[in-house]
Each structure stands twice: as structure tokens, then as C-alpha cells.
Amino acid sequence: MVYVSVSYSSCDYAFVLLFFQAEDGIRYLVRSRGLGDVYKRQVLMLGLGLLVGCSCEPEKEQEKVLEGITVTPASLTLDSSDIQGLEVKPVPADVELPSVEFTSSDSRIASVGKDGKVMGLRAGTAEITVKVGEFTKKVTVTVNPVMPTALTLSKTEVTLKVGEKVAITYKVEPQDTTDQVAAFASDNEAIATVSAEGEITAVAEGETVVTVSLGGLEEEVAVTVNPADVLPASVRIKPLESNDLVVGETLQLEGFILPPEALQDTFVWASNNEAVATVSAEGLVTALAAGEVEISLSLKNYPNVPAAKVTINCYVPLPERLKVNGPDKIVVIEGELYEFTVSFEPDGTYTDVTWSVDDETKATIDPETGKVTALAPGPLTITATSTALAALKASKMIIVEAYVAPEVIVEGKVSLGIGLVSNYKATVKGNYLGPNVTWSAVSYTHLTLPTIYSV
């Protein structure tokens, strides 16, 4: 029996190995050796290498595939506005690098361009993802904070009263400093406290320091706390020696605030009846008419403090003496009125009186004006009585006469030369008390009347 074994090489050569089997067994050509009497004969294997199909061309090179990428640097630390590029290489190195995509996890912190250049924008951490096909790498980018170089305070010294407050503001340079929130602290909160926003509150009298810190910088505010203001509890009008005020005269009032150490304020004076008396902004009262008036004093900026009040009695002083003035006699003439007046001593005293007569059958009198109407002849007493004091009065006795028609008698020359001057006299007989004599001429072409007596 013949066995054929075929093997191939890289050059597509085929070899055929022929085996022959003797009676006593199979022998491999290469390993065949004499076996003594076991085999009666042995056959040498004939090895014939037949070229089955020799086509010995060079083997083609296999195409290389991208197995990964490398990105350098693996992480970045940048300042704000700094730019640094990322370098992307293929693995293996001799493979062509396809298109690369870059993305930022937080473009507010760090941005990345299509060319792989990374820019730091503000303090923080972001990841840049580099993608090539199915392969990705991440680069951690840390942007350093912008540190302050200067810290300026709105005030470096403050003086407060207990309970008062003041706000401290500040300015940071440069303007793009990352952390712009300062911390405030008081060295002695028993004297003054400070809020996180910088508002200082005065607690007790004394001195302390408020420290403002930011990014390693520190500034101080010297705080002085004085006692709190004492608010007015009441307002008073200085007591008067007399609450009486003569009409036409003035009275200066004085006010004061209690307690004495309280804050002072503008006084507001007021009169409840300006027809009787007025009061100026300085508290000067002027009496205008008889009567009572209430003057009040209040505080301009403390309306809750009760007003102080004082009552002033404005009056006209009583005269010491009265005197009735008027004619000694009056005539009974229908429609004729006779006026009487009264004088007072001293001047400037109370002048209101009531008039009366003792016999109204002889004459009547207006009680307010003192005008008399004669009715019948005879004696008459006219009396003026002070309205302020009934015991103070004055009287005048007069005569009421019956009416006697007047008769005018003219005395003087009966003839007068041209150009000459002569005086004439008129005499009125009777009890007529009317106006003076009026002169007239029949013909003014013959004479003139330059005066009452001369012609």
C-alpha cells in the first residue's frame, strides 16, 4: 500500500512522500534501517518531490490598524488667560492619525479649540476629552485662581454711638480677582460686632479694631464707640413771675428739655388764639386783645414728646380816672345828635365804657357811642361807667334847652365906595347851636367877600 503525505511551504511548494509497505510492516523512508531476519527483503523508499504547483511570488504586507492614542501632557495647570496646546499621537506611531475631536467638560473654566489649544478662563477644574474614532483620552485642566494685589476700604476709622451702625465697603484689585468676598472680624465683639457683609454695630463704649481679610491681604478699621444719645423725655416752659400780659406789650417765654443731658432740638411755639396773642418762633408773645390764650411748646423732631403749655391772661389796665367831655348845654331839635366822649388817665388804659343818663324824659343816649338826643328842657346828668370796673365812672351835668329860632343881626356900613373895604359883624340870637354864619352877596359884580368879615 502507498501513503501520500502532502505539505506546503510559504512559497506554495508541495512535497509528496511515498511510503511502501513490505510484508512485514511499514517503514518510513528516512528512519528505515535493516531489521535482520524479520524482513525478508526491504525496499528503499523512493522519494520523489514533485512540484505540484510552484508559484513562488513574494508574500503581501498586512495593512496596519490604529490601536490607540496618546495625549500629552496628561494634565494641565494654567493661569487665567493662559493657553497651552495638547499633542495627540497614534498608537502604533506609524499609523495615520484620523481626525481628532476636543471637548471641554466646563467651558466656563477652560475652553479648547479644534487645534487642541486649551485656554484657562477662571479658577476651577475641567476635563478636556480627546476623541479619535473609538479611542478617547481625558486631560484634567486646573485653572489657578487670580489672587488679589490690593484691598482698599471705604473707611479706616469710624466713631459711633452705642446702637449706631455703619457699613464698610471695599475694592479689590485686579478687578478679575477670583475670590472677591472678604472676611470681617472684630477684635472685641463686646465693643462692636461686624456682620459678614461688613456692617459694624456699636455695642458698648470703648475701642476695638475690625479686620478685613481677602486672599492673604488684611486691612483694619479703627472703631471708637461713644455713649448713646439721651433722647428728650419731656419739654418744659420756664415758670413765669406773672401770667398776666397787658395788651400791646410782649412777654419772652423760655423752654428747656429734660433730662438736661438729652439731645437738644428745635422748639416749636404755637398760640391757640392769635386774635388775642401771637407767639414768634423764638417764643416772644405779643398781646393783641383782652382775653386768655394758651401758648404751647413742642419739639420739631420728637413729636411723641408731649407739648408744654402755659395760659396767658391778656388785659388792658384800668384807668385811675375818667372824664366826660362834651357840650354844657344841648337844644331840643328834632334829629339833632350831640356826641360825648370820655378821656382816661393815665393813657393806654382800658377804654371801654357804658353810657347812661339820669332822666330819659329829657334825653336819651346810645350806651356804646355816647350820642345824645334831646327830648325836653331841663337839667341832665350824663355818666360813663368802665365796663371793666363798675365802680370806676365819671359824670357831667348839662342843661337841655327848648329850641328858640335864631335871629341874625348884621352890623356894618350901609354904603361902600368902590375899591374900599369894610368889615361886617353877624350876631345870632337864640339858642341855635348849629354851624357858623355863612356870608353871601346878592350881586358879586359889585362887591366880593374875600373873608367872612371883610367886604
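The values are calculated or read from the model by the stated rules, or taken from the named source; none is laboratory data. This structure is a prediction, so every number in the text was calculated from the model and none was measured. As a convention, Cβ positions derive from the backbone with ideal geometry for all residues, glycine included, and neighbour counts pool all protein chains shown. For the accessible areas, the whole protein counts, side chains as well, though only heavy atoms, and no ligand, DNA or RNA atoms are used. Shrake-Rupley method; radii C 1.70, N 1.55, O 1.52, S 1.80 Å.
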Practice task
May I ask you to compute the full-extension gain from residue 321 to residue 420, defined as 0.36 nm times their residue separation minus their alpha-carbon distance, rounded to one decimal in nm?
Solution key: 30.1 nm
Exercise for the section: Report, ordered by chain and residue number, the lysines lying within cross-link reach of residue 238, taken as a straight Cα distance under 28 Å and ignoring same-chain residues fewer than 8 apart. Expected result: 300, 309
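With a probe of 1.4 Å, find how much accessible area the stretch 320-441 has per residue, and write the answer as a whole number in Å².
Averaged over the residues of the stretch 320-441, the accessible area is 63 Å².
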Practice task
Taking all protein chains together and a probe of 1.4 Å, list 340, 184 from the most accessible to the least accessible.
Solution key: 184, 340
Fill in the blank from the handout: Listed by chain and number, the aspartates and glutamates with an alpha carbon less than 14 angstrom from that of residue 161, same-chain partners under 8 positions apart left out, are 205, 207, 229
Practice task
With a 1.4 Å probe and every protein chain kept in, tell me what percent of the accessible surface of the stretch 120-263 is carbon plus sulfur.
Solution key: 48
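Calculated FRET efficiency, residue 175 and residue 134, Cβ-Cβ r, R0 41 Å, to nearest 0.05?
0.35
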Completion exercise
For 218, 411, the accessible-area ranking with a 1.4 Å probe, largest leading, is 218, 411
Exercise for the section: Tell me the label-point distance for the pair residue 107, residue 167, using the 7 Å Cα-to-Cβ offset, in nm and rounded to one decimal. Expected result: 3.7
Handout entry: Gained length - residue 261 relative to residue 81, 0.36 nm times residue gap less alpha-carbon distance
Key = 58.5 nm
Handout entry: Most to least accessible of 338, 315, 302 (protein chains only, probe 1.4 Å)
Key = 315, 302, 338
Completion exercise
Expressed in square angstrom to the nearest 10, the accessible area of residue 397 with a 1.4 Å probe stands at 140
Problem - Solvent-accessible area of residue 170 with every protein chain in place, 1.4 Å probe, in Å² to the nearest 10 - result: 70
Fill in the blank from the handout: GluC sites (Glu not before Pro) in the stretch 325-395 lying in a DSSP loop, each with at most 16 other Cβ atoms within 10 Å of its Cβ, come to 334, 336, 360, 368
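Among the listed pairs 64/137; 323/362; 396/429; 362/396; 89/138, give every one whose C-alpha distance is greater than 20 Å.
64/137; 323/362; 396/429
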Practice task
Measure off 7 Å from each Cα along the Cα-to-Cβ vector at residue 429 and residue 280, then give the distance between these two points in nanometres to one decimal.
Solution key: 6.9
Exercise for the section: Scan the stretch 98-202 for GluC sites (Glu not before Pro) in coil per DSSP, keeping those whose Cβ has at most 14 other Cβ atoms within 10 Å, and list them by number. Expected result: 134, 189, 197
Practice task
With all protein chains present, calculate the accessible area of residue 353 using a 1.4 Å probe and round the result to the nearest 10 Å².
Solution key: 20
Handout entry: Per-pair calculated FRET efficiency, R0 = 60 Å: residue 189 and residue 246 via Cβ, rounded to 0.05
Key = 0.40
Practice task
Would you mind working out the accessible area per residue for the stretch 110-154, using a 1.4 Å probe, and quoting it in Å²?
Solution key: 52
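Figure the gain on full extension for residue 231 and residue 337 (residue separation times 0.36 nm, minus the Cα-Cα span) and round it to one decimal in nm.
Gain on extension, residue 231 to residue 337, equals 31.2 nm.
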Fill in the blank from the handout: Karplus ³J(HN,Hα) for the stretch 192-207 (6.51 cos²θ - 1.76 cosθ + 1.60, θ = phi - 60°; Hz, whole; x = Gly/Pro) runs 8, 10, 9, 7, 5, 8, x, 8, 8, 10, 6, 10, 8, 4, x, 10
